[in-house]
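Chemist: Structure provided below as structure tokens; questions to follow.
The values are calculated or read from the model by the stated rules, or taken from the named source; none is laboratory data. Remember, it's a predicted structure, so these values are computed and weren't measured experimentally. Cβ coordinates were reconstructed from backbone atoms using ideal geometry, including for glycine residues, and neighbour counts include every protein chain displayed. Heads up: the accessible areas ignore ligands, DNA and RNA and are worked out on the full protein's heavy atoms, side chains in. Shrake-Rupley method; radii C 1.70, N 1.55, O 1.52, S 1.80 Å.
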Amino acid sequence: GWQASMKSGSLSYILPCNRLPVQLMSQVRVYTSSGQKKDLGSEDRNRSTPEETLHKVGTGRQDTTSAGQKQSFLKEPIQVKVKAVLKKREYGPKYTQNNFITGVRAINEFCLKSSDLDQLRKIKRRSPHDDTESFTVYLRSDVEAKSLEVWGSPEALARERKRRKEAEIKYRENLFRNQRLLREYKEFFGNTKPRSSAAAMFFKGPGKVVMVAICINGLNFFFKLLAWVYTGSASMFSEAIHSLADTCNQALLALGISQSARTPDPSHPYGFTNMRYIASLISGVGIFMMGAGLSWYHGIIGLLHPHPIESLLWAYCILAGSLVSEGATLLVAINEIRRSARAKGLSFYQYVVQSRDPSTNVVLLEDAAAVLSVAVAATCMGLTSLTGNPYYDSVGSLGVGTLLGTVSAFLIYTNTEALLGRSIQPEQLQRLTELLESDPVVRAIHDVKATDMGMSKVRFKAEVDFDGRVVTRSYLEKQDIEQLLQEIQQVKTLEELEAFMLKHGENIIDTLGAEVDRLEKDLKQRNPDVRHVDLEIL
């Protein structure tokens, strides 16, 4: 027979001629989590297998060097430490039933009464709002069990939810019908109630500017229309159409102002402030289609089919009166924009270009175009009177149309940019970023976005990397350290350690939430334009 011996690490493989016995020559000591040591090689050290006996008897050619290596290897045991870890838990639906739910949601979603909640366990939690310290919540599992106790079965609860939904729809229909009847009653008998806040908006600020413009442009349209009927001037017709377009557009602006004052509802949680931009955008489109389009049309018709013009004396008088009235409205709009721009720390040009107040901007641009168009119309009519050539009058109509088209294009562009949600100025964004980064609890911020929602309302969003050590230290500063040390010394088992970590871990998370609330409050206090803050925790 033949034999071969191979040694690798702690294993010695002996290959006889007829079988392959494997001998593990090592000593293993295992340390358990309790600290006890077990010697697994001591029991079998003096015990020999038949293969070992055969090897010892049948081979006398094994050298002493191999035996010495085996003996030295047996003196070095292998030590293995077992790490103690917690058993991984499976968080299923049963665990999530312990989530909290507010009393309002419990009443609405599970069709309960407030008296039903008095019997349930109450838990005080940190409030996400600034005006309250804490609020009461209930365990969702308790609320679900109470709803089944009240209604008897899930099917009965589903039927009650359906019935209440139908009753709510019917209530809304009746409310709309009653509001319409009440409006008709007020129109017939008169409204003796005090002036509402929506109506008060038209007696100051942009509302006042729009109402003054509506009254003046309405009178201008009436007198310009009479002058066009008397003279047949194409320029006078363009001026009448211009005043009519201004009156209609400013009435639309007044509607936008009144709608923007509506309070937010569940369907529109951020309010209706963009209604001013929508009204201004439609106004710009109306100026282009109604004012510029008809002026161009009438001017082209005058060039193709010229006809003599009657006496222009009355037309000049009406244009002079229109110039005075439009100039007065323009001054009102300029003063309002200057006052608002000074309050925001902006120049007059920046305030207009950024469309901070779309309603006043429309009045300003429309009245500026009206003053210029009166000058253009008067010049062209004067040239027609001096030369007797009606083509000058038609050219004046085309000039007024071009001026209105330019104003409408500017209004469409600025209001579209505002509705798309443009960013705030880089300087203002830098101040907000520096305020966050200077706070010790913030390690870094990423993906910063600040959107101008219109009417001096900014929505700020950022991803914040909080410093966990600072948050934890903020929590420890509010704790009794000696009592906390005693709790740590009382921890003896894994279960007690888990309970200790869960308790203080939840408190640290609440501390993190309080830090987020503090940062949001600081941003709003130092920057009044910031109305909505969204901080995402990394």
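Chemist: Compactness ratio of region 426-537: Cα Rg over 2.2 N^0.38 Å, N = residue count?
Modeler: Compactness ratio reported: 1.38.
Chemist: Quick query: amide H of Val533 versus all other amide H atoms, modeled in the peptide plane; which residues come in under 5 Å with a sequence gap of 5 or more or a different chain?
Modeler: Result for Val533 returns Phe460.
Chemist: Which ³J(HN,Hα) values in Hz, rounded to whole numbers, follow from the phi angles of region 499-505 under the Karplus curve 6.51 cos²θ - 1.76 cosθ + 1.60, where θ = phi - 60° and Gly and Pro get x?
Modeler: My calculation for region 499-505 gives 4, 5, 5, 5, 5, 6, x Hz in order.
Chemist: Compute, for Glu336, the solvent-accessible surface of its heavy atoms (probe 1.4 Å) with the complete set of protein chains present, and express it in square angstrom to the nearest 10.
Modeler: Estimated to the nearest 10 Å², Glu336 gives 20 Å².
Chemist: Separate question: With a 1.4 Å probe and every protein chain kept in, tell me what percent of the accessible surface of region 426-537 is carbon plus sulfur.
Modeler: So the carbon and sulfur contribution to the accessible surface is 51 percent.
Chemist: Rolling a 1.4 angstrom probe over the protein chains, ignoring ligands and nucleic acids, what is the accessible area of His268 in square angstrom, nearest 10?
Modeler: His268 exposes around 80 Å² with every protein chain in place.
Chemist: Hey, can you grab everything whose amide H is under 5 Å from the amide H of Gln354? Only 5+ residues off in sequence or another chain; H modelled, so Pro and N-termini drop out.
Modeler: When sequence neighbours closer than 5 places are left aside, there are no close amide H contacts.
Chemist: Compute the accessible area per residue over region 241-303, keeping the other protein chains in place, probe 1.4 Å, unit Å².
Modeler: 44
Chemist: Using the Karplus equation 6.51 cos²θ - 1.76 cosθ + 1.60 (θ = phi - 60°), what ³J(HN,Hα) coupling, rounded to whole Hz, does each residue of region 242-259 give in order, writing x for Gly and Pro?
Modeler: With coefficients 6.51, -1.76 and 1.60, one gets 4, 5, 5, 5, 4, 5, 5, 5, 6, 5, 5, 5, 4, 5, x, 5, 5, 6 Hz.
Chemist: Checking a compactness column here: for region 272-418, what do you get for Rg(Cα) / (2.2 N^0.38 Å), N being the number of residues?
Modeler: Scaled against compact globular proteins, the figure is 1.19.
Chemist: Shifting gears a bit: How much net charge surrounds Lys449 when only other residues with a Cβ under 14 Å from its Cβ are counted (Lys, Arg +1; Asp, Glu -1)?
Modeler: Summing Lys/Arg as +1 and Asp/Glu as -1 gives -2.
Chemist: Could you tally the net charge around Arg159, taking each other residue with its Cβ under 13 Å from the Cβ of Arg159, Lys/Arg +1 and Asp/Glu -1?
Modeler: Summing Lys and Arg as +1 and Asp and Glu as -1 gives +2.
Chemist: If you don't mind, there's one more thing I want to ask. Extending each Cα 7 Å along its Cβ direction at His307 and Gln425, get the distance between those two points in nm, one decimal.
Modeler: Placing both labels 7 Å beyond Cα along the Cβ direction yields 5.5 nm.
Chemist: Distance in nm between label sites at Asp480 and Asp118, each 7 Å beyond Cα in the beta-carbon direction?
Modeler: 3.5
Chemist: Find, among the GluC sites (Glu not before Pro) in region 396-496, those assigned to loop by DSSP (not H, G, I, E, B) with at most 10 other beta-carbon atoms within 10 angstrom.
Modeler: Within region 396-496, the qualifying GluC sites (Glu not before Pro) (loop, at most 10 other Cβ atoms within 10 Å) are Glu477.
Chemist: Working out 0.36 nm times the residue gap between Leu181 and Ile169, then minus their Cα-Cα distance, what length gain in nm do you get to one decimal?
Modeler: Answer, rounded to one decimal: 2.4 nm.
Chemist: If you don't mind, another one. Hey, can you grab everything whose amide H is under 5 Å from the amide H of Leu346? Only 5+ residues off in sequence or another chain; H modelled, so Pro and N-termini drop out.
Modeler: none
Chemist: Looking at region 239-321, which chymotrypsin sites (Phe, Trp or Tyr not before Pro) are in a loop (DSSP not H, G, I, E or B) and have at most 14 other Cβ atoms within 10 Å?
Modeler: Tyr270
Chemist: What are the ³J(HN,Hα) values, in whole Hz, obtained from phi via the Karplus relation 6.51 cos²θ - 1.76 cosθ + 1.60 with θ = phi - 60°, for each residue of region 525-532 in sequence order, with x given for Gly and Pro?
Modeler: Listing the rounded values in order: 5, 7, 9, x, 5, 7, 9, 10 Hz.
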